[in-house]
Amino acid sequence: MNEHLTDADFSAVVAGHEGSSKAAEHLSSCVICRQQVAEMQRLIADRRQALDAEFPDWQHQRQNVMARLTGASQADRPTARRWFRPLLAAAAVLVVAVGVGLLMPHGAATPSPTDDLPVEQILAEVDAMLADDSLPGFESIDFGVDDPASLIENGTS
């Protein structure tokens, strides 16, 4: 009975390495093993071709980009384009400045800060408000408790 290739011999032959002399002798006489090797080699070649199609050639991409960067220098551009963008930017700034000027009311001056603010009076009112314990938002939620400090001292409600 004719034994077929072992997995190790089959892998070596498919990879293109020399197998054992027994494997080479078997391949010359066995049509089934030759078909399996050829089919596996075709499958590997098809998969490599599919992988090459899926992934771009990065070296080629890099060369294209570098060629475009070095090929399109400032000297190749027309002279009319060199001054067009700065002129367009200046015109845009001018339009915005005129628009803001038109939107501002005429004759209305900004109020100047006054030095006669009653600072001492304001500070006295703030101190009086802070001294009062009835600040809005700090009332006790439990209406049965008159002194909220007692809740903190004994830990009960």
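Solvent-accessible area of the stretch 14-65 (1.4 angstrom probe, protein heavy atoms only): carbon and sulfur portion equals 53 percent.
Summing charges over all other residues whose Cβ lies under 14 Å from the Cβ of residue 5, with Lys and Arg as +1 and Asp and Glu as -1, gives -4.
For the pair residue 64 and residue 131, the difference between a 0.36 nm per residue extended length and the Cα-Cα distance amounts to 16.5 nm.
A simple count of charges around residue 42, restricted to other residues whose Cβ falls under 15 Å of its Cβ and scoring Lys, Arg +1 and Asp, Glu -1, yields +1. For the stretch 1-43, the solvent-accessible area works out to 77 Å² per residue, with a probe of 1.4 Å and every protein chain left in place. For the pair residue 124/residue 8, report the inter-label distance in nm, with labels modelled 7 Å from Cα in the Cβ direction. It works out to 10.5 nm between the two label points.
The values are calculated or read from the model by the stated rules, or taken from the named source; none is laboratory data. Note that the structure is a prediction, hence the values are computed from the model and not measured. Glycine gets a Cβ as well: all are built from the backbone with ideal geometry, and neighbour counts include every protein chain shown. Only protein heavy atoms, including side chains, enter the accessible area calculation; ligands, DNA and RNA are left aside. Shrake-Rupley method; radii C 1.70, N 1.55, O 1.52, S 1.80 Å.
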